[in-house]
Amino acid sequence: MGLHLGDVVPDFTQDSTEGPIAFHDWIGDHWAVLFSHPADYTPVCTTELGVTARLAEEFRRRNVKVLAVSVDPVSRHKDWIKDIDETQKTHVGFPILGDADRKVSTLYDMIHPQQSDTLTVRSVFIIDPRKILRAMLTYPASTGREFGEILRVIDSLQLTDKYSIATPANWHIGDDVVISPAIQDPDALKTRFPKGYRELKPYLRITPQPTH
Ligand code: BEZ
């Protein structure tokens, strides 16, 4: 059966460019982003890993550790990282798993045979400190990901974990949010949303972002 949101993610130990990684221990009390790229020495993957490296501070601020994976061996990753650093004007400061035996790719269902029998698709798994899968995204090999969207989803998850709210379409940090339909009691609404709210419909109530 595939992975579902809310599942504890599968644990594994696999070699990486920064030595062996025991995944759950490595996550510790951080959030984690595990993402696959189909192959080393390919153009889209080179830009994706470069962008991820340049966003290091954004991930750090959100308490997120980043881990890349592809079916190439660690020795090849290490050589390719030199190209990424050079062409993307950055320093790859996160580990890349070598997954030549496809242990992790198989465990996380990252190989989609109708796309390729051997290479992974572009998967993203967002995992919380309890090791629970909170979001997953899947892109084809030909489409480089928007890493701002990954940060945006993390922002939404971290915010909605704290308040009885959800984030509407195209939301970004600082924008208004919506109140969970579960909160109906007028006293609870007053206490939880001291900045007030606009009720467009009983189920559609808009309030300023609580932390902003
Ligand atoms: C790329 O990263 O450019 C790429 C990788 C695999 C297939 C197609 C493109």
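Here are the numbers for the structure shown:
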item: So Q115, is it at pLDDT 95 or above, in contact with a helix residue (DSSP H, G or I) (Cβ under 6 Å, 6 or more places away or on another chain) and within 16 Å of the ligand (Cβ to nearest atom); result: no
item: Residues within region 20-44 that are near the ligand (Cβ under 10 Å from one of its atoms), surrounded by fewer than 16 Cβ atoms within 10 Å (Cβ to Cβ) and outside any loop (DSSP other than H, G, I, E, B), tallied; result: 1
item: Criterion: within 16 Å of the ligand (Cβ to nearest atom), among the β-branched types (V, I, T) and buried (at least 16 other Cβ atoms within 10 Å of the Cβ) - qualifying residue of T17, T47, T52; result: T52
item: Condition met for V64 (touching a residue at least 40 places away in the same chain (Cβ under 8 Å), in the same structural domain as E18 (by TED's automatic domain parsing) and within 21 Å of D40 (Cα to Cα)); result: no
item: Strands (runs of 3 or more DSSP E) enclosed by region 168-207 - at least 2 residues per element that are touching a Ser or Thr at 6+ places or on another chain (Cβ under 9 Å) and within 17 Å of L157 (Cα to Cα); result: 177-179
item: Residue within region 166-180 that is within 16 Å of the ligand (Cβ to nearest atom) and either within 30 Å of P43 (Cβ to Cβ) or within 18 Å of the chain's Cα centre (by Cα) (or both) present; result: no
item: Candidates D109, D83 - the one that is closer than 22 Å to T143 by Cα, touching a residue at least 24 places away in the same chain (Cβ under 8 Å) and more than 16 Å from the ligand (Cβ to nearest atom); result: D109
item: Candidate set: region 131-182, residues that are among the aliphatic types (A, V, I, L, M) and exposed (fewer than 15 other Cβ atoms within 10 Å of the Cβ); chosen: the one nearest to H4 (Cα to Cα); result: I132
item: Residue within region 171-186 that is under 26 Å from A56 (Cβ atoms), β-branched (V, I, T) and not assigned by TED's automatic domain parsing to the domain that holds L34 present; result: yes
item: Yes/no for L119 being touching a residue at least 12 places away in the same chain (Cβ under 8 Å), assigned by TED's automatic domain parsing to the domain that holds S36 and part of a strand (DSSP E or B); result: no
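The values are calculated or read from the model by the stated rules, or taken from the named source; none is laboratory data. Please read these numbers as outputs of a predicted model, since none were measured by experiment. Note that we place each Cβ from the backbone using ideal geometry, even for glycine, and neighbour counts take in every protein chain shown.
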